[in-house]
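Single-structure report; data block below.
The values are calculated or read from the model by the stated rules, or taken from the named source; none is laboratory data. Quantities reported herein were computed from a predicted structural model and do not represent experimental measurements. Quick reminder, even Gly has a Cβ in these numbers, built from the backbone with ideal geometry, and neighbours come from all protein chains shown. Please note that ligands, DNA and RNA were not included when accessible areas were found on the heavy atoms of the full protein model with its side chains. Shrake-Rupley method; radii C 1.70, N 1.55, O 1.52, S 1.80 Å.
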Amino acid sequence: MKTMAAKELKNKTGEAIRTVSKGRKVLITLRGKPFALILPVTTANLEKSDLRPIDTAWTDIENTLKRSKPEFKNLKEAMDWTRRRGSDPYRISKKPFLTCAFKPIFYS
């Protein structure tokens, strides 16, 4: 079994996939503690899993989306919100995020 830190997995995903494709397991650690296990898929693994047929899963996704209310009215509102991540997401203001406390000095 190969062990990789989460950051290493991010940077070396291909290496992890090659390891799993050879039939070996990859243990992922987060802050030095076991976090996840990546292993090759076998028929026995699939039978034990809780995977649903794609048609059933997709129907559930569509039903959930129909019941949920969109957080934003349109794409522009969502994009504006993501651009203001550092501030209050519900603040609507035309003011710039950064203000300067200094007066400009002009040289003649």
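Structure summary
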{"item": "Options 104, 70, 96; residue that is exposed (fewer than 10 other Cβ atoms within 10 Å of the Cβ), part of a loop (DSSP other than H, G, I, E, B) and modelled with pLDDT of 80 or more", "result": "70"}
{"item": "Those residues of region 14-43 which are part of a helix (DSSP H, G or I), hydroxyl-bearing (Ser, Thr, Tyr) and either under 21 Å from the mean Cα position of the chain (by Cα) or under 11 Å from residue 3 (Cβ atoms) (or both), in sequence order", "result": "19"}
{"item": "Verdict on residue 55 being in a helix (DSSP H, G or I), modelled with pLDDT of 90 or more and either touching a strand residue (DSSP E or B) at 6+ places or on another chain (Cβ under 9 Å) or surrounded by fewer than 10 Cβ atoms within 10 Å (Cβ to Cβ) (or both)", "result": "yes"}
{"item": "Enumeration of residues in region 1-52 that are open to solvent by 50 Å² or more (accessible area, probe 1.4 Å), hydroxyl-bearing (Ser, Thr, Tyr) and without any contact (Cβ under 8 Å) to a residue 12 or more places away in the chain", "result": "13, 42, 43"}
